[in-house]
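One structure is given here, and the rest of the page talks about it.
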Amino acid sequence: MIVTTSLRTTKQITENAKRVAKELNISFIRRNEQPIPLIHNVYNSDVLVVSSNRLSIYQVGFEEPMFFHPNSAMFRVKRFLRGEIDPFLKATKLSNKMSIVDCTLGLASDSILSSVAVGKNGHVVGVEGNHFLSYIVKQGLLNWKTGLKEMDEAMQRIKVVEMSNLEYLRKQKENSFDVVYFDPMFESEVKESDGINKIRQFAFPNSLDEETLKEARRVARQRIVLKDHWKSTRFERFGFDVFKRATSKFHYAAIEL
């Protein structure tokens, strides 16, 4: 990974890009109006682009960038605030003052909704093992302004931890979270989900196995929740009770403790 600026840059953007490169311990290069495909070819590297309002990762082999944006979470949060039931919240049973560790943070949509649901007296931790993905999501959660006060405050309350989920769970005390949540890469790839497919190369291939689930059972007070493709073998293999949804390509499932 290397860092550069957007095509239309300013002194401030350039300084921000240099700061990001230093914090990530990677190289900064000047854009010099070069298109991203040319930078890919010259440096044979993914490119993190710093612009005035976001950080974007342009991966080799992908035309569109990956970046933090709370769009999907915003729709879900607005529905929640109107009193509608989100399938994720139905499975996790989150409410005010509860705690959850999201062991597969990704772009944080579920963590954002969790943080709104548990409120300012609750506790949400998002664990992401990839160095670059955890960085851009953490910065996005801290700095993105949605115009919705409850959501902005909820995003800023999420604690982002860069670590493998197994390592993180091992470090936690027994019964330290009400809910432990997993949303691993689906065993069956969902072709319609371009956003998920961009994240796939950053994801840990085995983010849920027997050892990780054993630690999750120790750490969770109330339940472990899994989101997975409806064809997934993990539901039966790990003993989850599935909440089947006839019109959805994925289901939620839980182990009640």
Listed residues 191, 120; which is outside any helix (DSSP H, G or I), farther than 27 Å from residue 20 by Cβ and at pLDDT below 95?
-> 191
Being farther than 18 Å from residue 107 by Cβ and either under 23 Å from the mean Cα position of the chain (by Cα) or in the same structural domain as residue 112 (by TED's automatic domain parsing) (or both) narrows 55, 81, 7 down to just 81
Across the range 224-233, what is the number of residues that are of a type in the set (D, E, K, R) and crowded, with 19+ Cβ neighbours inside 10 Å?
-> 2
Answer with yes or no whether residue 63 is closer than 30 Å to residue 8 by Cα and free of Cβ contacts under 8 Å to residues at least 24 places away in the same chain.
-> yes
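Residue-by-condition table, conditions (1) closer than 24 Å to residue 59 by Cβ; (2) in contact (Cβ under 8 Å) with a residue 24 or more places away in the chain; (3) in contact with a helix residue (DSSP H, G or I) (Cβ under 6 Å, 6 or more places away or on another chain):
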position	(1), (2), (3)
109	yes, yes, yes
133	yes, yes, no
154	no, yes, yes
159	no, yes, no
Here the residues within the range 61-97 that are surrounded by fewer than 15 Cβ atoms within 10 Å (Cβ to Cβ) and among the aliphatic types (A, V, I, L, M) are 81, 85
Taking the residues in the range 240-254 that are at pLDDT 95 or above and touching a Lys or Arg at 6+ places or on another chain (Cβ under 6 Å) as candidates, determine which candidate is surrounded by the fewest Cβ atoms within 10 Å (Cβ to Cβ).
-> 254
Is there a residue in the range 91-106 that is within 16 Å of residue 252 (Cβ to Cβ), in a helix (DSSP H, G or I), among the basic types (Lys, Arg) and outside the structural domain of residue 21 (by TED's automatic domain parsing)?
-> no
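The values are calculated or read from the model by the stated rules, or taken from the named source; none is laboratory data. Since we're looking at a predicted model, the values are computed, not measured. Here the Cβ is made from the backbone with ideal geometry for all residues, glycine too, and neighbour counts use every protein chain on show.
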